[in-house]
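Read the structure below first, then the notes.
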Amino acid sequence: MDHNKPLKLDTNSEFIYQTKNDKKFDRSFIQETIPPINDQSHNCYRLFWIDAVEKFGIVYIIGKVFNNESKTYISCCATVKNIHRNVFILPRQRKLDEYDNETEIDVTMEDVSSEVNDIFKKKFRDFQVFTKPVNRKYGFELPDIPTEAQYLKVTYPFTQDSLPRNLSGKTFTRAFGTNTSALELFILKRKIKGPCWLEIKDAIVETSRISWCKLELVVDDPKKISILNESNFTEPIKSPSLTTMSLSLRTIMNHKKQVNEIAAFSVRFYPKVPLDEAVTPEKLQYPVQYSAIRQLNDKPWWTHGFEELVEKERKKGLHLNLEANEYSLINYLLALIKQYDPDVFIGHNFIGFDLDVLLHRLKELKIKDWSCLGRLRRFVWPKSQSGSTANESSFVEKSIVNGRLICDTYLNAKDLVKSKNYSLTELVLSQLGKLRKEIEYDKIPMYYSRAKDLLDVVCHCWNDAIFTAELMFKLQILPLTKQLTNLAGNIWSKTLIGSRADRNEFLLLHEFHQHKYICPDKEYKKIQEQYSVDGEDESTETKASGRRKPTYAGGLVLEPKKGFYDNYVVLLDFNSLYPSIIQEYNICFTTVVRVGMEKNITPEIPDSSLPQGILPKLIAKLVERRRMVKSLMKSSTVTSDKLAEYDIRQKALKLTANSMYGCLGYTYSRFYAKPLAMLITFKGREILENTVKLAENEKMEVIYGDTDSIMINTKAIDINQALEVGNILKKKVNERYKLLELEIDGFFEKLLLLKKKKYAAIVVEKKNGILERSCETKGLDLVRRDWCDLVNKVSRFVLDQILSSHDREVIVNTIHAYLRQVGEDTRSGNYPINSFIINKNLAKSPEAYTDAKIQPHVQVALRMKKKGLSARTGDFIPYVICLTADGKEFDKNISDRAFHPDEINESNLRIDYDWYLKIQIHASVSRLCGHIEGIDNASIAECLGFDPSKFKSSSNLATSHKIGSKMPDEERFKDVENFMPICIHCNVTNIFEGLKESEGLIKCNGCNTIIPFSSILTQLTFKVRSYIKQYYDGWKVCDEQSCLYRTRQVTYSKNCINRGCNGKMKAEYDEQKLYLQLLYLSQLFDISKVQKRAEFGSKNIEEIGRLKSLVDRHLDRNELRYVNLGELFNYYFE
């Protein structure tokens, strides 16, 4: 492949059409089964709600109702008025005087009510407030709040302003619920948990058109809305189908204004998408698709031949409008949205890019009816928040689309699948098994000059709309997120943007509200953009610099016994460890005592006599429901459609139960409870430690453990023997607990254990009596996104060889030969440019990086934004390392040589092949082969075409052998430096391997004379001192092969100080290496090892003794030579 030629748009691009005669088309989905829920008598409506919006204390519920006239579901907006705030006032025990000093006067509810009324009189002229005493419980993190007390409940309309959050008075200490939203109150008090059927009584049809829905209702009392009672129906009530719209945009950069403009779009409508079952696009009603493209610079004509090509495609099924300008193009898009009224927008990176561009073009061009992008009519644009640029919409502006769900396949794929990157091309290939054509977006204006190229742009946009929709159906995003929302009871639109924290919050809000608890107030902090995916802090907190540091100890990770294992290793793990710990030890806000505890002190487990807490009870309910669903899946009569539906349900239950721990340790969570999170992780570490001890008591070899799993080297060559070992440990461990369960997770026939969280293995499963083998990797270079595809390919080959059943010599020779070929092919340019693309994630916006100059992906992202391309927080930025214009490389600042793949074609750059071979391929292969005899850093470098003398041996940075281990001297001293004295007569270097001759110490191999004792003594003294000096020089080196940063700088952290490296700094010459070197020299002159020592003569024996004592004098100062038994057993005598 010639990398110097620019990439061109594929001229063989074809439109994807689907006809009604397609054999895969399932017509049974055209006629929708209508359940008997269309009763609209006495102004009673049944609404399936999908979204809800709050404005000025009024809640707008948006969903679907069945229209008796058209016999179809139509959109509906129900306006809920007269929602009242609920504030809970905690009385003091005694009143305060005018100086805020406590008096002896007891406080009564009448006193509190009187003071609250006075506050309202001062704050509001006309007010309507109701008060009554109620009993409520509290079990959260605020100090000095009683577990149960009588509160004054204050209710007043949302039309009046909220009370201050820190409100207190002479008769009360605190006010809860002052900033609770109307939407949250409505959902909790009406016990609405996710999308479901609602029954609305006494609703009035609204005629003022406040929304874009087909039907509008007004409800003057929220209590008139309730969940539809399913017991009144003979069959389960199904959800209505939704209309989805897949949108694909093509934009161009206006370099004068530095804004993106829309050049073309394609939309694909699926009118009836069911929610309660897993479906494929082929089963759905025949979709409708439209496209449009506009002229550039308001030209009155199209490129010669373009309209003729369009006419040919129209006969095949292409719906393409040719628009004169961007204004008419966007108006056509809005007309389609108003006509089909989609419930769901589908797009890839829709929230991160397409929506921003669309909103800004609507605003800039002053398009009428711009608000139909959502479902509420608006006439005034929301104000942009500070920090929003010309190409970046604020959170308030994005709220314009409220009422229509947004299914962003980019965001959802990050949660549901593991991929090297989440570009549409990669996901279409990995999930759909299809190839997607690439296009250079910044060259779209150039494609207007040729008819075929311009039609290919339309084709690319058309097909992307199809791919995005098919990706959504493949991942089952709608049914899965609906199930998650029904379990948590939050807003569906929040679940669709990946807000796990929001799901956990509402799940607990519903549960504690039901049990009459005062819940923590929501704190609105300045955190990341609302539309970014919520992470879960767990055991970390964010520092001002943006990096996270541990706030409490997380899961226990055992130090692995590194190496290659060719006997069976059994992997055991605890089922849902943290949720099980919560249940096992009854850990809950309501059971764990935290009052009066010092900071960062782990609390005690609750007393066993306490009743089950709310949190354990909630998790137990989720676990039991999942167990029931999984039992249904095992039924022999279950259909494939039902099986897919059950699988979605059990996944949702599992995700919900396993995420409960996260909300306890997430610092921005409303239910953040660090002591509870500390207790859970403490018990997790304790359980793993006890499991290791139990295994060792059974004479089992534990080679690794990580949080909830443990690996046992069974030393068996038969899987049945390995199974027996696993079952013994499983039984012993499970006898200790009531709810915790240790299960056998798998068997490794071969295992390459490199370091913590990094291993590769051949997994063996027995199916129908036959052993099936597969390769499993974790944390290795071949699955990292910041390594190129060539590394993936080379690493996969090397790993396959290591894990193969071939002889060791054959494996070594095969790997060496392959690496030679890779080196030759790489330098010859035989690999395509895609093989060298590196993808790295943007942790924040490119402009926010303070060290942008040394971050390659940030430099590329900044250049992308200048061209009008998307480069935002969470995006994976592709780049390639190239040579400079003069063909030279500068390793000090690699970011200067990082370029986007498109830039390489434009600027005729050359890829720096040596950098990839040295920094990426060599480093990756070195790690994999670190425990394979016959392969080391030097031999790998030589095969790749480098000077082997410039590469350190793998053993130089390897962990030294345990000093007390029983091993032969050949193994113990294999990495030490030999003693090689120089002959003073002929200057020949001689290797001294120990006392073998009786006529003298060392005989020169060159002149065959005895080297004098004085010369040996001098050279030995110099060597001993050089080793000691090397130790005290204190050089440290990074263990990351791609870094190997070397320094004498004193650091207080083990992390590499080279920016951007994740390696650990280790002593280049530590005390163990010094000890082994001196021990080696001492044993060279150990006369006691010589059988015929009398033949040496007394003089030689005396000289040998002097040499040994020279070494031993320094060796005796090394504490590694001794074990202080007094210290070791001191605790026995305390």
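How about region 76-105: which of its residues are polar (S, T, N, Q), over 23 Å from Val205 (Cα atoms) and assigned to a strand (DSSP E or B)? Correct list: Asn86, Thr103. Of all the residues in region 105-133, those that are under 30 Å from Arg594 (Cα atoms) and touching a residue at least 60 places away in the same chain (Cβ under 8 Å) number 2. Here Ser384 clears all of (1) buried (at least 16 other Cβ atoms within 10 Å of the Cβ); (2) at pLDDT 90 or above except the condition numbered (2).
Sub-6 Å Cβ pairs linking a first residue in region 206-225 that is free of Cβ contacts under 8 Å to residues at least 60 places away in the same chain to a second residue that is assigned to a loop (DSSP other than H, G, I, E, B), at least 6 apart or interchain, are Lys224/Lys201; Lys224/Asp202, ordered by first then second residue. What residue, among those in region 415-467 that are among the basic types (Lys, Arg) and assigned to a helix (DSSP H, G or I), is modelled with the highest pLDDT? Selected residue: Lys452. Ser640 meets each of the listed conditions (1) modelled with pLDDT of 85 or more; (2) more than 15 Å from Gly139 (Cβ to Cβ) apart from (1).
Taking region 895-924 as the range and being buried (at least 22 other Cβ atoms within 10 Å of the Cβ), assigned to a helix (DSSP H, G or I) and within 26 Å of the chain's Cα centre (by Cα) as the test, the residues that pass are Gln920, Ile921, Ser924. Here Pro240 meets each of (1) assigned to a loop (DSSP other than H, G, I, E, B); (2) at pLDDT below 90 with one exception, condition (2). When Lys599 is tested against (1) among the basic types (Lys, Arg); (2) in contact (Cβ under 8 Å) with a residue 40 or more places away in the chain; (3) under 17 Å from Leu142 (Cα atoms), exactly one condition is not met: (2). Within region 289-308, is there a residue that is buried (at least 21 other Cβ atoms within 10 Å of the Cβ) and under 28 Å from Ser640 (Cβ atoms)? Among the residues of region 289-308, not one is buried (at least 21 other Cβ atoms within 10 Å of the Cβ) and under 28 Å from Ser640 (Cβ atoms), which makes the answer no.
The sole residue among Asn412, Asn325 that is at pLDDT 90 or above, in the same structural domain as Leu296 (by TED's automatic domain parsing) and surrounded by fewer than 21 Cβ atoms within 10 Å (Cβ to Cβ) is Asn325. When region 644-676 is filtered for residues that are over 16 Å from the mean Cα position of the chain (by Cα), among the polar types (S, T, N, Q) and in a loop (DSSP other than H, G, I, E, B), the ones remaining, listed by number, are Thr667, Ser669. Just wondering, is there one or more residues in region 253-266 that are closer than 17 Å to Met472 by Cβ and crowded, with 21+ Cβ neighbours inside 10 Å? Within region 253-266, one or more residues are closer than 17 Å to Met472 by Cβ and crowded, with 21+ Cβ neighbours inside 10 Å. Just one of the listed residues (Leu322, Leu355, Leu318, Leu336) is in a loop (DSSP other than H, G, I, E, B) and out of contact with any helix residue (DSSP H, G or I) (no Cβ under 6 Å at 6 or more places or on another chain), and it is Leu318.
Screening Phe747 against (1) assigned by TED's automatic domain parsing to the domain that holds Val925; (2) touching a helix residue (DSSP H, G or I) at 6+ places or on another chain (Cβ under 6 Å) leaves a single unmet condition, (1). Close contacts from region 813-828, counting a first residue that is free of Cβ contacts under 8 Å to residues at least 24 places away in the same chain and a second that is outside any helix (DSSP H, G or I), with Cβ to Cβ under 9 Å and a gap of 6+ residues or different chains, come to Asn813/Gly934; Thr814/Ser804; Thr814/His806; Asp825/Tyr831.
In this entry, Leu753 passes the filter for residues that are of a type in the set (A, V, I, L, M), under 13 Å from Cys929 (Cα atoms) and in the same structural domain as Val569 (by TED's automatic domain parsing). Sub-7 Å Cβ pairs linking a first residue in region 830-847 that is assigned by TED's automatic domain parsing to the domain that holds Leu862 and over 21 Å from Ser419 (Cα atoms) to a second residue that is of a type in the set (D, E, K, R) and at pLDDT 85 or above, at least 6 apart or interchain, are Tyr831/Asp825, ordered by first then second residue. Being among the acidic types (Asp, Glu), touching a residue at least 24 places away in the same chain (Cβ under 8 Å) and closer than 30 Å to Trp197 by Cβ holds for only one residue in Glu282, Glu323, Glu261, Glu313, and it is Glu282.
Apart from one condition, Pro342 fits all of (1) touching a residue at least 40 places away in the same chain (Cβ under 8 Å); (2) under 28 Å from Asp453 (Cα atoms); the exception is (2). Being at pLDDT below 90 and either in the same structural domain as Arg796 (by TED's automatic domain parsing) or not aromatic (Phe, Trp, Tyr) (or both) holds for only one residue in Ile712, Ile770, and it is Ile770.
Is it fair to say Tyr156 is among the hydroxyl-bearing types (Ser, Thr, Tyr), in contact with an Asp or Glu (Cβ under 8 Å, 6 or more places away or on another chain) and either under 21 Å from Phe186 (Cα atoms) or not assigned by TED's automatic domain parsing to the domain that holds Cys519 (or both)? Judged against the criteria, Tyr156 is not a match. Against the condition more than 25 Å from Ile744 (Cα to Cα) and touching a strand residue (DSSP E or B) at 6+ places or on another chain (Cβ under 9 Å), how does Gly613 come out, does it pass? Taking the combined requirement at face value, the residue does not satisfy it. Filtering region 308-363 to residues that are closer than 21 Å to Pro287 by Cα and of a type in the set (A, V, I, L, M) leaves Val310, Leu318, Leu320, Leu333, Leu334, Ala335, Leu336, Ile337, Val344, Ile346. Checking every residue in region 151-171 against the condition of being touching a residue at least 12 places away in the same chain (Cβ under 8 Å), closer than 27 Å to Lys599 by Cα and among the aromatic types (Phe, Trp, Tyr) gives zero matches.
Could you identify the single residue in Arg1048, Arg1121 that is of a type in the set (D, E, K, R), loosely packed, with under 13 Cβ neighbours inside 10 Å and either farther than 25 Å from Leu1017 by Cα or modelled with pLDDT under 70 (or both)?
After ruling out the rest, the residue left standing is Arg1048.
Only one entry of Ser208, Ser226, Ser246 meets the criterion of being assigned by TED's automatic domain parsing to the domain that holds Glu323 and either out of contact with any Leu (no Cβ under 9 Å at 6 or more places or on another chain) or modelled with pLDDT of 90 or more (or both), and that entry is Ser246. Among residues of region 1014-1025 that are among the basic types (Lys, Arg), those with a Cβ under 7 angstrom from a residue that is outside any helix (DSSP H, G or I), sequence gap 6+ or separate chain, pair up as Lys1023/Phe979.
The set of residues from region 193-231 being hydroxyl-bearing (Ser, Thr, Tyr) and buried (at least 19 other Cβ atoms within 10 Å of the Cβ) comprises just one member, Ser211.
Tell me whether region 81-88 contains one or more residues that are more than 18 Å from Thr180 (Cβ to Cβ) and not hydroxyl-bearing (Ser, Thr, Tyr).
no
The values are calculated or read from the model by the stated rules, or taken from the named source; none is laboratory data. Please read all numbers here as calculations on a predicted model, not as lab measurements. Because the Cβ atoms are built from the backbone with ideal geometry, glycine has one as well, and the counts that use them run over all protein chains shown.
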